[in-house]
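Visitor: One structure follows; several queries about it will come next.
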Amino acid sequence: MTDSLTHQYRKLSIKFIKVSLREQVLILVCGLAVLILIIFTFFLEPLSDNSKKLKQNIFSAEKEITSLAGQVVDLTNKLKTDPNVPILKRISMLESRIQSIDRQLGEQTNNLVPANKMASMLESVLAGSKRLKLIELRSIAPTPLLLEQRQTTDEPGAGLYRHGVSLMFEGRYFDIQQYLERLEALPWQFYWKKFDYLVDDYPTASVELEIYTLSTNKAFIGI
């Protein structure tokens with residue numbers, strides 16, 4: 001087989017030598033073109049495809065790395081932030097509001113008559129009005145106004161109570177007026193809730209008076 005290839009090579013060589021120089025150049029150019037085509041088809045093209053795939057893989061990997069880096073930054077920032085900060089701020093704000101409300105309540109209740117002195121105050125002023133006749137003096141059950149959470153149980157307890165006293169008496173108009181003025185002139189303050197004035201037998205009138213005060217004490221006012 002080797003001798004046959006050698007023989008064929010010699011025959012082609014003889015033919016190549018016999019042709020003109022121009023034809024030799026054309027043959028060499030054609031052979032070189034065929035060789036380049038073979039090299040590109042079997043070697044360079046597969047390498048180019050592989051290079052494109054590698055570039056695409058690199059691009060995808062870079063995008064994924066960028067995304068992961070962003071996630072790492074977000075997680076780092078979240079870890080640096082104390083999740084209790086909003087709650088602590090809310091608690092601080094509520095505590096400030098409670099303190100403000102406590103101050104306001106203190107200012108409003110500072111000069112109020114103590115609940116346990118309301119009945120005696122009304123009675124003592126009435127005793128100074130000789131022309132007025134006491135018909136009835138009774139305490140009104142305390143009403144809770146503000147609720148607070150008990151520390152031991154979940155049951156709410158009252159933080160502020162309204163204590164009231166109802167007073168019924170009768171007398172003449174100017175005597176009643178003087179009694180009311182004396183009540184208004186007392187150093188203690190209180191709230192008026194009810195005032196009914198009824199003339200049954202002129203000039204005598206009956207009055208039903210209801211006043212109340214505020215206290216943190218739930219104890220019922222005894223008469």
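The values are calculated or read from the model by the stated rules, or taken from the named source; none is laboratory data. As the structure is a computational prediction, the values presented were derived from the model and not from experiment. Here the Cβ positions follow ideal geometry from the backbone for every residue, glycine too, while neighbour counts run over all protein chains shown.
Visitor: Go through segment 163-190 and give me each residue that's of a type in the set (V, I, T) and more than 20 Å from D201 (Cα to Cα). Step through it out loud before you land on a result.
Guide: Applying the first criterion (of a type in the set (V, I, T)) to segment 163-190 yields 165, 176.
Once the filter is applied, which keeps residues that are of a type in the set (V, I, T) and more than 20 Å from D201 (Cα to Cα), segment 163-190 yields only V165.
Visitor: Would you confirm whether or not segment 183-206 contains a residue that is touching an Asp or Glu at 6+ places or on another chain (Cβ under 7 Å), buried (at least 17 other Cβ atoms within 10 Å of the Cβ), at pLDDT 80 or above and assigned to a strand (DSSP E or B)? Full working, then the answer.
Guide: As a first pass, look at segment 183-206 and keep what is touching an Asp or Glu at 6+ places or on another chain (Cβ under 7 Å): 193-194, 196, 204-206.
This time we only want the ones that are buried (at least 17 other Cβ atoms within 10 Å of the Cβ), so: 205-206.
From what's left, at pLDDT 80 or above: 205-206.
Now narrow it down to the ones that are assigned to a strand (DSSP E or B): 205-206.
So far as segment 183-206 goes, yes, one or more of its residues are touching an Asp or Glu at 6+ places or on another chain (Cβ under 7 Å), buried (at least 17 other Cβ atoms within 10 Å of the Cβ), at pLDDT 80 or above and assigned to a strand (DSSP E or B).
Visitor: Follow-up. Could you tell me how many of the residues in segment 78-133 are at pLDDT 85 or above, outside any helix (DSSP H, G or I) and closer than 16 Å to R182 by Cβ?
Guide: Of the residues in segment 78-133, 2 are at pLDDT 85 or above, outside any helix (DSSP H, G or I) and closer than 16 Å to R182 by Cβ.
Visitor: Okay, moving on. Select from segment 163-178 the residues that are closer than 15 Å to I135 by Cα and touching a helix residue (DSSP H, G or I) at 6+ places or on another chain (Cβ under 9 Å) and list them in ascending order. Show your work before the answer.
Guide: Step one: list which residues in segment 163-178 are closer than 15 Å to I135 by Cα, which gives 165-172, 176.
Of everything in segment 163-178, those that are closer than 15 Å to I135 by Cα and touching a helix residue (DSSP H, G or I) at 6+ places or on another chain (Cβ under 9 Å) turn out to be V165, L167, F169, E170, G171.
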